[in-house]
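Asker: Quick one: this structure, given as structure tokens, is what I'll be asking you about.
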Amino acid sequence: MQPGKGMSNLSRSLILAVLAALSLGACTETNLPVATGKGNLRGINAIISAPEVLFLVEERALGGLSYKGGMSTRFDNLSYNVNFDVVFPGDATRTRIATDFVEVVANTDYIFALTGALATPTLIRVEYPERQWSASETVFEARAFNLAATAAQLDVYFAAPDTVPVIGDRRTTIAFGELSPAFESASGNYELVLTTHDDPNDILYRSRAITQAGATSVIYSIFDPDPSITGNLSVRVMGAGAGSAELADDNIPPTIRLMHASIATGNVDLYADDDFTTALLTDVGFGELTPEIDFALTTVPLTFTPTGNTGVLLLEDNLTVLPGSRNTVFLISDNAVLDIIGFTDDQRPVETTGRLRFAHLADNVAVVDLYIFPTGEEIEDNFPRFFSLPFRATTGYTNFAEGSYQVAITLPASKAIIGGPLTLDLSLGEVVELAILDTTDPNVFDVVIYDN
């Protein structure tokens, strides 16, 4: 046969047979399942000492869950493996610590809560039918989920703000690991109150006023306390969206502690507002961190005077903090003007890492690069861990592996050390607070550990 000229009868027959088979195959029904609706899959991390845990459906990572964190995503009504992964110290890859198989039913909400210990976790699974709302409805429904192992049984009250709990008015009682049935209320303002079972006078938690719209469903997840709060319990609210939000305990006062970071200011006394009868703190010197003190208010009026001299007012200012929170107030000089800045503290230990937070409190340098590198290495061989950290800023809490580190600061884009190096030996579960302070030399700075 000449090139490009026709084909044999045998070739034509084979091609026709293949096309016929493909045509018949296309007409037959597939055995693959077909989705007809969607359900909701939620993950919650309730392990108090856990690092961020990765929440996956099959091998699709939905995101990381820190302690008390929750998230949700809608999936077709098919079958899935729901997984939780974590990275343990010394490992380069993730370890699967929990898994569950679920056949999703349309319009059903599934919650997978990781509890217990990180080495031997327990996965609590609850599910319930999703309510189908119409736009005209003015009621909403709420559920409470007890994930606090320290609270064997809780009574749940949900009423107008400042309502005194009475046993006959409780909405439900839930044991650890239980999700309550839905309780319905008209849209409006409410407080969530949790008490010891059968003792309405023993209030363990009282939320701030919650404004709740109609035609919505919410879940109040209850967690054990950790060192980041001053209260008995912690509560997060989850709605139809992807995440969760903390509900501060309005029944518990916040705390503050003072870190004196103004080198040009002598020792100070601290008073509440202009009441000089009793000092809150006395004789606080530069570089000193005070113990915590309680405040009944969340807007705290602070007055600083030189130690023993109430006739001179160094600074009057207000600090706003959340109820039940722990906070550090830094007394600083900003262009030779005395000022305060405050940051919320989170002292929760993480068992797989150490945690560090830095505050830039040195008025004499506007911006620094912050280096944290293993002991034995040189700064020239490393990049800054934080670039261009400005005065008055904090890095927030950052996880680091256990080990020995060198901590130093430079001017941006420079390797010339102007503060440090400080040797830091970090252990698993340790939380370390560091600061950059002025010295008497305006070109030299201290890197100090003020709390660990």
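Asker: Output yes when any residue across the stretch 359-374 is surrounded by fewer than 18 Cβ atoms within 10 Å (Cβ to Cβ), part of a strand (DSSP E or B) and not β-branched (Val, Ile, Thr), and no when none is.
Answerer: There is at least one residue in the stretch 359-374 that is surrounded by fewer than 18 Cβ atoms within 10 Å (Cβ to Cβ), part of a strand (DSSP E or B) and not β-branched (Val, Ile, Thr).
Asker: Let me ask something else about it. Might you let me know whether the stretch 372-394 holds any residue that is under 25 Å from Pro89 (Cα atoms), out of contact with any Asp or Glu (no Cβ under 9 Å at 6 or more places or on another chain) and either of a type in the set (Ser, Thr, Tyr) or in the same structural domain as Ile47 (by TED's automatic domain parsing) (or both)?
Answerer: no
Asker: Next question. Of all residues in the stretch 393-417 being β-branched (Val, Ile, Thr) and part of a strand (DSSP E or B), which is farthest from Gly376 (Cα to Cα)?
Answerer: This residue is Thr394.
Asker: Of (1) more than 17 Å from Phe286 (Cα to Cα); (2) modelled with pLDDT of 95 or more, Ile436 satisfies all except one. Which?
Answerer: It fails just one condition, (1).
Asker: Name the strands (runs of 3 or more DSSP E) wholly inside the stretch 185-288 in which the number of residues that are within 18 Å of the chain's Cα centre (by Cα) and at pLDDT 95 or above is 3 or more.
Answerer: Per the criteria, 217-223, 234-238.
Asker: Here's another thing I want to ask about it. Is one or more of the residues making up the stretch 82-102 part of a loop (DSSP other than H, G, I, E, B), polar (S, T, N, Q) and over 26 Å from Pro349 (Cβ atoms)?
Answerer: Checked the stretch 82-102: no residue is part of a loop (DSSP other than H, G, I, E, B), polar (S, T, N, Q) and over 26 Å from Pro349 (Cβ atoms).
Asker: Let me ask something additional. So Asp202 fits all but one of (1) in contact with a Gly (Cβ under 9 Å, 6 or more places away or on another chain); (2) without any contact (Cβ under 8 Å) to a residue 24 or more places away in the chain; what number is the exception?
Answerer: Condition (1) is where Asp202 drops out.
Asker: Scan the stretch 123-148 residue by residue and report those that are within 21 Å of the chain's Cα centre (by Cα) and either assigned to a strand (DSSP E or B) or farther than 19 Å from Tyr67 by Cβ (or both).
Answerer: Leu123, Ile124, Ala144, Phe145, Asn146, Leu147
Here's the yes/no breakdown for (1) in the same structural domain as Ile44 (by TED's automatic domain parsing); (2) surrounded by fewer than 18 Cβ atoms within 10 Å (Cβ to Cβ); (3) in contact (Cβ under 8 Å) with a residue 40 or more places away in the chain:
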| position | (1), (2), (3) |
| --- | --- |
| Met238 | no, no, yes |
| Glu246 | no, yes, yes |
| Ala261 | no, no, yes |
| Phe276 | no, yes, no |
| Leu281 | no, no, no |
| Thr298 | no, yes, yes |
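Asker: From the list Ala117, Ala106, Ala144, which residue is surrounded by 12 or more Cβ atoms within 10 Å (Cβ to Cβ) and under 13 Å from Ile222 (Cβ atoms)?
Answerer: Ala144
Asker: Now a separate question. Would you point out which residue out of Gly429, Gly420, Gly403, Gly396 is at positive phi and touching a residue at least 60 places away in the same chain (Cβ under 8 Å)?
Answerer: Gly429
Asker: Considering each residue of the stretch 169-199, count those that are aromatic (Phe, Trp, Tyr) and free of Cβ contacts under 8 Å to residues at least 40 places away in the same chain, and give that number.
Answerer: 2
Asker: Taking only the stretch 413-427 into account, find how many residues are over 25 Å from Thr290 (Cα atoms) and either surrounded by 14 or more Cβ atoms within 10 Å (Cβ to Cβ) or β-branched (Val, Ile, Thr) (or both). Don't jump to the end; show me each part of the working.
Answerer: Going residue by residue through the stretch 413-427, those that are over 25 Å from Thr290 (Cα atoms) are 413-418, 421.
Subsequent filtering for residues that are either surrounded by 14 or more Cβ atoms within 10 Å (Cβ to Cβ) or β-branched (Val, Ile, Thr) (or both) retains 415, 417-418, 421.
Residues in the stretch 413-427 being over 25 Å from Thr290 (Cα atoms) and either surrounded by 14 or more Cβ atoms within 10 Å (Cβ to Cβ) or β-branched (Val, Ile, Thr) (or both): 4 in total.
Asker: Before we move on, is Ser388 at pLDDT 95 or above, polar (S, T, N, Q), more than 25 Å from Asn327 (Cβ to Cβ) and part of a strand (DSSP E or B)?
Answerer: Considered against the rule, which asks whether it is at pLDDT 95 or above, polar (S, T, N, Q), more than 25 Å from Asn327 (Cβ to Cβ) and part of a strand (DSSP E or B), Ser388 comes out as yes.
Asker: Would it be correct to say that Thr216 is surrounded by fewer than 18 Cβ atoms within 10 Å (Cβ to Cβ), within 30 Å of Gly429 (Cβ to Cβ) and among the hydroxyl-bearing types (Ser, Thr, Tyr)?
Answerer: Values: surrounded by fewer than 18 Cβ atoms within 10 Å (Cβ to Cβ): yes; within 30 Å of Gly429 (Cβ to Cβ): no; among the hydroxyl-bearing types (Ser, Thr, Tyr): yes.
Judged against the criteria, Thr216 is not a match.
Asker: For the stretch 305-319, does any single residue satisfy the condition of being in contact with a Pro (Cβ under 8 Å, 6 or more places away or on another chain), modelled with pLDDT of 90 or more and closer than 30 Å to Phe176 by Cβ?
Answerer: Taking every residue of the stretch 305-319 in turn, none turns out to be in contact with a Pro (Cβ under 8 Å, 6 or more places away or on another chain), modelled with pLDDT of 90 or more and closer than 30 Å to Phe176 by Cβ.
The values are calculated or read from the model by the stated rules, or taken from the named source; none is laboratory data. The structure presented is a predicted model; accordingly, all values stated were derived computationally and were not measured. All Cβ positions, glycine included, derive from the backbone under ideal geometry; neighbour counts span all protein chains shown.
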